[in-house]
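**Q** One structure coming up, written as structure tokens, with questions to follow.
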Amino acid sequence: MQQILTVEQILAILKGYEESLRMLRATPEYMRLEASERFTTSNDLRLGDAIQALFEVHEAILNIELYSQVEGQTNAFNDSLTA
């Protein structure tokens with residue numbers, strides 16, 4: 001059975017991963033690894049790119065939620081005018 005998550009839970013998970021990766025990126029051991037000339041990825045991505053991606057997904061979800069709220073308020077306002 002698949003677990004159903006609320007939007008708030010999804011946002012919390014994304015924020016938690018983002019913060020965890022920020023803490024990891026700040027550790028001396030990770031900085032040493034990433035600074036190595038042998039540290040390569042297929043797309044030259046770094047941990048900062050993953051953090052940025054999580055941030056952007058989080059912001060996109062917030063924008064959808066805000067738009068949905070505004071749209072709902074507009075529909076309620078329009079419904080009250082026609083009633």
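The values are calculated or read from the model by the stated rules, or taken from the named source; none is laboratory data. Being a predicted model, the structure only gives us computed values, none of them experimental. Cβ: placed from backbone, ideal geometry, glycine included. Neighbour counts: every protein chain shown. Surface areas here come from the heavy atoms of the whole protein model, side chains and all, with no ligands, DNA or RNA. Shrake-Rupley method; radii C 1.70, N 1.55, O 1.52, S 1.80 Å.
**Q** Between [x] 0.97; [y] 1.69; [z] 1.20, which matches Cα Rg over 2.2 N^0.38 Å calculated for the structure shown?
**A** Here the calculated entry is [y].
**Q** Along the charge dipole of the chain, Cβ charges K/R +1 and D/E -1, which of I4, L45, L14 sits furthest on the positive end?
**A** Positive-end residue among those listed: L45.
**Q** Once whole DSSP H runs in the chain are found, which of them have Cα atoms spread over 30 Å or more along the helix axis and a mean Kyte-Doolittle score of at least -0.5?
**A** TM-like helix candidates: 47-82.
**Q** Give me the dipole magnitude in Debye, nearest 20, for the chain about the Cα centre, with unit charges on the beta carbon: positive for Lys and Arg, negative for Asp and Glu.
**A** 320 debye
**Q** Kindly provide the GluC sites (Glu not before Pro) of region 14-69 that DSSP labels as loop, not H, G, I, E or B, and whose Cβ sees at most 10 other Cβ atoms within 10 Å.
**A** Those satisfying the criteria are E37.
**Q** Leaving out ligands, DNA and RNA, and with a 1.4 Å probe, what % of the accessible surface on the chain is carbon or sulfur?
**A** Solvent-exposed carbon and sulfur of the chain make up 59 percent of the total.
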